[in-house]
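The values are calculated or read from the model by the stated rules, or taken from the named source; none is laboratory data. None of these values were measured; they are calculated from a predicted model. Here the Cβ positions follow ideal geometry from the backbone for every residue, glycine too, while neighbour counts run over all protein chains shown. The protein model used for the area step is the full one, side chains on, heavy atoms only, and it has no ligands, DNA or RNA in it. Shrake-Rupley method; radii C 1.70, N 1.55, O 1.52, S 1.80 Å.
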Amino acid sequence: MAKLTVLKYPHPFLKQKANPVATEAINDDLRQLIADMFETMYAEHGGGLAATQVGLNMRLFIMDGSENKDQKFVAINPKIIERKGEVDDEEGCLSFPGVSAKVKRSEWVKMSAVNEFGEAYEMECDGYHGRCIQHEIDHLDGVTYFDHLSPLKRKMIEKKYKKLMQENEGS
C-alpha cells in the first residue's frame, strides 16, 4: 500500500467537481487505490476521505468512524436521496488541518452508492456518519466546509488556519 498526499486548502483542485466512476473502472486497480486511501486516512487520523482530497477526479469516498479501524465503507458515485432535520455541530477536515468550525448539516440522510465490488446499496445515517457522508459528498461537488460558514466566520478560521500553516512551515 502507498500513502497518498492529502491536498491542503487553498489547493484549486479542492474546488473541482468530480466525475462519476464508470462501472468498468471498478476493478482491482481501483480497489488498490481504495486501500491506499484508507492507509492515508488512518495515517492522517481522519474518519473520511474523498478522492478529490488526494487529487483524483472521481466520485468516490471512504469512511471509517470507528476507533478500532474496523468499520470501513466505500461509496462510489454517492448521492443523497433524502434528508431530514438540521443540526449545527463542530466539523474538521484533513484538507484544513488544525482548525474546525460549527457547520449546519442535515440531521439524517439517506444515500445511494456503489461499493468497491460494483454492488449498489442504500444507507441511512445520522450523527457522525450522516455528517461525514454530507461532508465527503460536498468534497466531490467541489465544496468545502469553509463554504458553509458566514463570511466573518470564514475569515476568522482562515486567518487561524494560515497562521498554523506558517508555523508548520517554520518547524
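When nucleic acids and ligands are ignored and a 1.4 Å probe is applied, E86 ends up with an accessible area of around 130 Å².
Given a cut-off of under 8 Å on Cα pairs at least six residues apart, what relative contact order in percent is computed for the stretch 27-171? Spell out each step's value before the answer.
On the way: 220 pairs, mean separation 29.0, N = 145.
Computed over the stretch 27-171, the figure is 20 percent.
Ordered from largest to smallest accessible area (heavy atoms of protein chains, 1.4 Å probe), the residues Y161, Y9, Y128 come out as Y128, Y9, Y161. For the set K3/K155; K110/K162; K102/K162; K72/K159; K72/K153; K17/K104, the pairs lying more than 27 angstrom apart at their alpha carbons are K3/K155; K110/K162; K72/K159; K72/K153.
Between H139, H129, H11, the GNM of the chain built on Cα springs shorter than 10 angstrom shows H11 fluctuating the most.
For the chain, the mean residue ellipticity at 222 nm estimated from helices alone is -10000 deg cm²/dmol, where every DSSP H run of n ≥ 4 contributes -39500 (n - 2.57) and the total is divided by all residues, rounded to the nearest 500. If you run the Gaussian network model on the chain, springs between alpha carbon atoms under 10 Å, then out of S150, S95, S112 the most flexible one is S150. Sorted largest first by accessible area at a 1.4 angstrom probe radius, with every protein chain in place, the residues D138, D28, D147, D64 fall in the order D28, D147, D138, D64. Its residue count N fixes a reference of 2.2 N^0.38 Å for the chain, and the Cα radius of gyration divided by that reference is 1.01.
Around L30, under 13 Å between beta carbons, what's the net of Lys plus Arg minus Asp minus Glu among the other residues?
Numbers: positive: R31, R59; negative: E24, D28, D29, D36, E116.
Result for the neighbourhood of L30: -3.
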